[in-house]
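All remarks here apply to the structure that follows.
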Amino acid sequence: AALMLPPRFGAMHKGDAGRVLVVAGSVGMTGAAALCGMAAARAGAGLVTIACPESLNDILEVKCTEVMTLPVAETPQRTLGPAARQQIAAFASGCDAVALGPGISQNPETAHLVQELVPSLPVALVVDADGLNCLAGRAELLASRPAPTIITPHPGELAKVMGNTPQAIQEDRVDAARRAAEATRAVVVLKGAATVVAEPGGEVWINPTGNHGMASGGMGDVLTGVVAAFVAGGAPPIEAAVAAVYYHGLAA
(Lines give C-alpha, C1' and ligand atoms only; values in the text may rest on other atoms or scores of the structure.)
Protein backbone atom coordinates (compact mmCIF):
# COMPACT_ATOMS: atom_id res chain seq x y z
CA ALA A 1 0.00 0.00 0.00
CA ALA A 2 1.13 3.53 -0.69
CA LEU A 3 2.52 5.39 2.30
CA MET A 4 0.14 8.18 3.25
CA LEU A 5 2.02 11.27 4.44
CA PRO A 6 0.63 14.39 6.11
CA PRO A 7 0.07 17.18 3.55
CA ARG A 8 3.09 19.20 4.69
CA PHE A 9 5.43 16.28 5.35
CA GLY A 10 8.69 16.71 3.47
CA ALA A 11 7.73 20.15 2.17
CA MET A 12 10.93 21.70 3.56
CA HIS A 13 14.55 20.75 2.99
CA LYS A 14 17.87 21.94 4.43
CA GLY A 15 18.30 24.64 1.79
CA ASP A 16 15.01 26.19 2.86
CA ALA A 17 16.27 26.47 6.45
CA GLY A 18 19.01 28.89 5.40
CA ARG A 19 22.68 28.80 4.46
CA VAL A 20 25.20 30.45 6.79
CA LEU A 21 28.85 31.22 6.12
CA VAL A 22 30.94 31.80 9.24
CA VAL A 23 34.18 33.70 8.57
CA ALA A 24 36.21 33.01 11.66
CA GLY A 25 39.27 31.63 13.38
CA SER A 26 43.01 32.12 13.66
CA VAL A 27 45.81 30.19 15.31
CA GLY A 28 44.84 29.67 18.95
CA MET A 29 41.23 30.72 18.27
CA THR A 30 39.71 27.79 16.41
CA GLY A 31 37.26 27.36 19.29
CA ALA A 32 35.57 30.66 18.47
CA ALA A 33 34.97 29.52 14.91
CA ALA A 34 33.67 26.13 15.99
CA LEU A 35 31.34 27.54 18.64
CA CYS A 36 29.86 30.04 16.20
CA GLY A 37 29.36 27.48 13.46
CA MET A 38 27.85 24.84 15.74
CA ALA A 39 25.54 27.42 17.32
CA ALA A 40 24.24 28.39 13.88
CA ALA A 41 23.52 24.75 13.10
CA ARG A 42 21.80 24.11 16.43
CA ALA A 43 19.75 27.28 16.06
CA GLY A 44 18.19 25.92 12.88
CA ALA A 45 20.36 26.87 9.91
CA GLY A 46 20.11 24.16 7.25
CA LEU A 47 23.70 24.39 6.02
CA VAL A 48 26.64 25.99 7.81
CA THR A 49 30.19 26.43 6.50
CA ILE A 50 33.19 27.91 8.30
CA ALA A 51 35.70 29.83 6.18
CA CYS A 52 38.98 29.50 8.07
CA PRO A 53 42.73 29.96 7.48
CA GLU A 54 43.80 27.02 5.35
CA SER A 55 46.37 25.64 7.81
CA LEU A 56 43.65 25.39 10.48
CA ASN A 57 41.20 23.49 8.31
CA ASP A 58 42.14 20.03 9.59
CA ILE A 59 41.58 21.15 13.19
CA LEU A 60 38.08 22.39 12.41
CA GLU A 61 37.30 19.28 10.36
CA VAL A 62 37.90 17.29 13.54
CA LYS A 63 36.05 19.67 15.87
CA CYS A 64 32.96 20.03 13.67
CA THR A 65 30.81 17.24 12.28
CA GLU A 66 27.61 18.79 10.99
CA VAL A 67 29.33 22.06 10.05
CA MET A 68 31.41 22.13 6.86
CA THR A 69 34.65 24.03 6.26
CA LEU A 70 36.11 26.23 3.56
CA PRO A 71 39.91 26.62 3.81
CA VAL A 72 40.99 30.01 2.46
CA ALA A 73 44.19 31.97 1.96
CA GLU A 74 46.03 32.99 5.11
CA THR A 75 48.80 35.24 6.39
CA PRO A 76 52.17 33.95 7.64
CA GLN A 77 50.70 34.33 11.14
CA ARG A 78 47.91 31.85 10.22
CA THR A 79 45.12 34.40 10.16
CA LEU A 80 42.72 35.16 7.32
CA GLY A 81 44.65 36.87 4.54
CA PRO A 82 43.65 39.54 1.98
CA ALA A 83 43.93 36.94 -0.80
CA ALA A 84 40.92 35.18 0.73
CA ARG A 85 38.59 37.97 -0.33
CA GLN A 86 37.48 36.45 -3.63
CA GLN A 87 37.07 32.97 -2.13
CA ILE A 88 34.88 34.31 0.67
CA ALA A 89 32.86 36.62 -1.59
CA ALA A 90 32.19 33.87 -4.11
CA PHE A 91 30.99 31.44 -1.47
CA ALA A 92 28.95 34.10 0.36
CA SER A 93 27.00 34.84 -2.82
CA GLY A 94 25.26 31.49 -2.40
CA CYS A 95 24.44 32.01 1.27
CA ASP A 96 21.62 33.74 3.13
CA ALA A 97 23.77 35.21 5.90
CA VAL A 98 27.42 35.68 6.81
CA ALA A 99 28.80 35.79 10.36
CA LEU A 100 32.13 37.59 10.42
CA GLY A 101 34.66 38.06 13.18
CA PRO A 102 34.89 35.39 15.90
CA GLY A 103 38.54 34.71 16.63
CA ILE A 104 39.94 36.27 13.46
CA SER A 105 42.57 38.38 15.33
CA GLN A 106 43.53 41.99 14.72
CA ASN A 107 46.35 41.21 12.32
CA PRO A 108 46.74 44.27 10.02
CA GLU A 109 46.35 42.14 6.89
CA THR A 110 43.23 40.51 8.32
CA ALA A 111 41.87 43.95 9.20
CA HIS A 112 42.41 44.99 5.58
CA LEU A 113 40.42 41.95 4.45
CA VAL A 114 37.56 42.83 6.81
CA GLN A 115 37.50 46.43 5.63
CA GLU A 116 37.19 45.25 2.04
CA LEU A 117 34.58 42.57 2.71
CA VAL A 118 32.17 44.49 4.94
CA PRO A 119 30.99 47.14 2.45
CA SER A 120 30.90 44.73 -0.48
CA LEU A 121 29.13 41.56 0.67
CA PRO A 122 25.62 41.58 -0.86
CA VAL A 123 24.01 39.31 1.78
CA ALA A 124 22.92 39.82 5.39
CA LEU A 125 25.95 40.22 7.64
CA VAL A 126 26.46 39.69 11.38
CA VAL A 127 29.71 41.26 12.67
CA ASP A 128 31.18 40.43 16.06
CA ALA A 129 34.39 40.35 18.10
CA ASP A 130 37.57 40.99 16.11
CA GLY A 131 35.47 41.74 13.06
CA LEU A 132 34.43 44.90 14.93
CA ASN A 133 37.92 45.56 16.28
CA CYS A 134 39.13 45.56 12.67
CA LEU A 135 36.60 48.33 11.96
CA ALA A 136 37.85 50.69 14.67
CA GLY A 137 36.85 54.22 13.69
CA ARG A 138 35.31 52.96 10.44
CA ALA A 139 31.56 53.08 11.16
CA GLU A 140 31.01 54.41 7.64
CA LEU A 141 31.97 51.03 6.17
CA LEU A 142 29.02 49.46 7.97
CA ALA A 143 26.71 52.30 6.96
CA SER A 144 27.63 51.85 3.28
CA ARG A 145 26.62 48.20 3.11
CA PRO A 146 24.15 47.11 0.39
CA ALA A 147 22.41 44.52 2.57
CA PRO A 148 21.09 44.17 6.15
CA THR A 149 23.66 44.36 8.93
CA ILE A 150 23.69 43.34 12.60
CA ILE A 151 26.60 44.07 14.91
CA THR A 152 26.97 42.39 18.31
CA PRO A 153 29.58 44.36 20.29
CA HIS A 154 30.44 44.45 23.95
CA PRO A 155 31.09 48.00 25.23
CA GLY A 156 34.79 47.93 24.37
CA GLU A 157 34.17 46.88 20.79
CA LEU A 158 31.42 49.44 20.28
CA ALA A 159 33.67 52.15 21.69
CA LYS A 160 36.34 51.28 19.11
CA VAL A 161 33.93 51.40 16.18
CA MET A 162 32.40 54.68 17.35
CA GLY A 163 35.66 56.36 18.43
CA ASN A 164 34.46 56.51 22.02
CA THR A 165 35.38 54.98 25.38
CA PRO A 166 33.85 51.96 27.14
CA GLN A 167 33.06 54.19 30.11
CA ALA A 168 31.04 56.56 27.92
CA ILE A 169 29.14 53.62 26.43
CA GLN A 170 28.29 52.25 29.86
CA GLU A 171 27.09 55.59 31.21
CA ASP A 172 24.01 55.41 28.98
CA ARG A 173 23.79 52.07 27.21
CA VAL A 174 20.44 52.77 25.57
CA ASP A 175 21.57 56.07 24.08
CA ALA A 176 24.90 54.56 22.99
CA ALA A 177 23.17 51.69 21.19
CA ARG A 178 20.67 54.03 19.57
CA ARG A 179 23.41 56.40 18.33
CA ALA A 180 25.48 53.50 17.00
CA ALA A 181 22.50 52.08 15.12
CA GLU A 182 21.91 55.44 13.49
CA ALA A 183 25.59 55.91 12.57
CA THR A 184 26.10 52.41 11.18
CA ARG A 185 22.62 51.87 9.74
CA ALA A 186 22.76 48.50 11.44
CA VAL A 187 20.88 46.67 14.14
CA VAL A 188 23.09 47.00 17.23
CA VAL A 189 23.21 44.34 19.95
CA LEU A 190 25.07 45.96 22.85
CA LYS A 191 25.96 42.99 25.03
CA GLY A 192 26.09 42.92 28.80
CA ALA A 193 23.64 42.62 31.69
CA ALA A 194 20.29 43.66 30.19
CA THR A 195 21.56 43.53 26.61
CA VAL A 196 20.28 46.43 24.53
CA VAL A 197 19.10 45.91 20.95
CA ALA A 198 18.62 49.03 18.84
CA GLU A 199 17.59 49.58 15.23
CA PRO A 200 18.40 52.57 13.01
CA GLY A 201 14.88 53.99 13.32
CA GLY A 202 15.40 54.59 17.05
CA GLU A 203 13.44 51.69 18.56
CA VAL A 204 15.17 49.92 21.45
CA TRP A 205 14.62 46.57 23.21
CA ILE A 206 16.12 45.56 26.56
CA ASN A 207 16.58 41.84 27.16
CA PRO A 208 15.35 40.32 30.45
CA THR A 209 17.00 36.89 30.24
CA GLY A 210 20.44 35.61 31.21
CA ASN A 211 22.51 34.98 34.35
CA HIS A 212 26.05 35.10 35.73
CA GLY A 213 26.80 31.72 34.19
CA MET A 214 27.13 33.54 30.85
CA ALA A 215 30.39 35.11 32.00
CA SER A 216 32.36 32.52 30.05
CA GLY A 217 34.60 32.60 27.01
CA GLY A 218 32.71 31.78 23.82
CA MET A 219 29.25 33.01 24.80
CA GLY A 220 29.47 35.86 22.31
CA ASP A 221 30.54 33.50 19.54
CA VAL A 222 27.48 31.36 20.22
CA LEU A 223 25.18 34.41 20.10
CA THR A 224 26.63 35.43 16.74
CA GLY A 225 25.84 31.99 15.33
CA VAL A 226 22.28 32.09 16.64
CA VAL A 227 21.65 35.54 15.15
CA ALA A 228 23.03 34.43 11.79
CA ALA A 229 20.85 31.30 11.79
CA PHE A 230 17.70 33.28 12.51
CA VAL A 231 18.47 35.78 9.75
CA ALA A 232 19.30 33.02 7.28
CA GLY A 233 16.02 31.34 8.15
CA GLY A 234 14.11 34.39 7.01
CA ALA A 235 13.60 36.53 10.10
CA PRO A 236 13.92 40.32 9.64
CA PRO A 237 17.21 41.52 11.18
CA ILE A 238 15.67 43.27 14.19
CA GLU A 239 13.46 40.29 15.00
CA ALA A 240 16.37 37.88 14.56
CA ALA A 241 18.53 39.93 16.94
CA VAL A 242 15.86 40.35 19.63
CA ALA A 243 14.87 36.67 19.52
CA ALA A 244 18.47 35.42 19.48
CA VAL A 245 19.42 37.52 22.50
CA TYR A 246 16.32 36.35 24.37
CA TYR A 247 16.78 32.63 23.71
CA HIS A 248 20.54 32.82 24.25
CA GLY A 249 19.92 34.20 27.73
CA LEU A 250 17.01 31.85 28.39
CA ALA A 251 19.18 28.84 27.57
CA ALA A 252 21.63 29.99 30.25
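The values are calculated or read from the model by the stated rules, or taken from the named source; none is laboratory data. Model, not experiment: these values are computed from the prediction. Positions of Cβ are generated from backbone atoms using ideal geometry, with glycine treated the same way; all protein chains shown enter the neighbour counts. Keep in mind that these areas ignore ligands, DNA and RNA; they rest on the heavy atoms of the full protein, side chains included. Shrake-Rupley method; radii C 1.70, N 1.55, O 1.52, S 1.80 Å.
Quick notes on this one:
- Looking across the stretch 172-208 at every residue that is of a type in the set (A, V, I, L, M), within 17 Å of Pro236 (Cα to Cα) and in contact (Cβ under 8 Å) with a residue 24 or more places away in the chain, the one that is surrounded by the fewest Cβ atoms within 10 Å (Cβ to Cβ) is identified as Val204.
- Residue among Ala235, Ala243, Ala228 that alone is under 26 Å from Ile104 (Cβ atoms), buried (at least 21 other Cβ atoms within 10 Å of the Cβ) and small (Gly, Ala, Ser): Ala228
- Neighbours by Cβ (under 8 Å, 6+ apart or cross-chain): first from the stretch 70-97, of a type outside the set (S, T, N, Q); second open to solvent by 60 Å² or more (accessible area, probe 1.4 Å) and assigned to a strand (DSSP E or B): Gly94/Arg19; Cys95/Arg19; Asp96/Arg19; Ala97/Arg19
- Residue list for the stretch 74-99, filter: part of a loop (DSSP other than H, G, I, E, B), open to solvent by less than 20 Å² (accessible area, probe 1.4 Å) and not polar (S, T, N, Q): Gly81, Cys95
- The residue of the stretch 207-225 that is farthest from Ala252 (Cα to Cα), among those that are small (Gly, Ala, Ser) and out of contact with any Lys or Arg (no Cβ under 7 Å at 6 or more places or on another chain), is Gly225.
- Condition check for Ala92: among the small types (Gly, Ala, Ser) and in contact with a helix residue (DSSP H, G or I) (Cβ under 8 Å, 6 or more places away or on another chain): no
- Taking the stretch 100-145 as the range and being aliphatic (A, V, I, L, M), part of a loop (DSSP other than H, G, I, E, B) and within 13 Å of the chain's Cα centre (by Cα) as the test, the residues that pass are Ile104, Val118, Val123, Ala129.
- The residues listed here are Gly249, Gly156, Gly218; of these, the one that is within 30 Å of Gly94 (Cα to Cα), open to solvent by less than 40 Å² (accessible area, probe 1.4 Å) and not aromatic (Phe, Trp, Tyr) is Gly218.
- Residue in the stretch 103-110 that is without any contact (Cβ under 8 Å) to a residue 60 or more places away in the chain and open to solvent by less than 10 Å² (accessible area, probe 1.4 Å) present: no
- Among the candidates Ala111, Ala84, Ala97, residue that is within 25 Å of Val196 (Cβ to Cβ), touching a helix residue (DSSP H, G or I) at 6+ places or on another chain (Cβ under 9 Å) and hydrophobic (A, V, I, L, M, F, W, C): Ala97
- Filter result (more than 16 Å from Pro102 (Cα to Cα) and not in a helix (DSSP H, G or I)) within the stretch 150-164: Gly163, Asn164
- Residues of the stretch 18-29 classified as within 17 Å of the chain's Cα centre (by Cα) and open to solvent by 20 Å² or more (accessible area, probe 1.4 Å), total: 2
- Only one of the listed residues (Gln115, Gln167) is among the polar types (S, T, N, Q) and without any contact (Cβ under 8 Å) to a residue 12 or more places away in the chain. That residue is Gln167.
- Of the criteria (1) in a loop (DSSP other than H, G, I, E, B); (2) within 16 Å of the chain's Cα centre (by Cα), which one Thr65 fails: (2)
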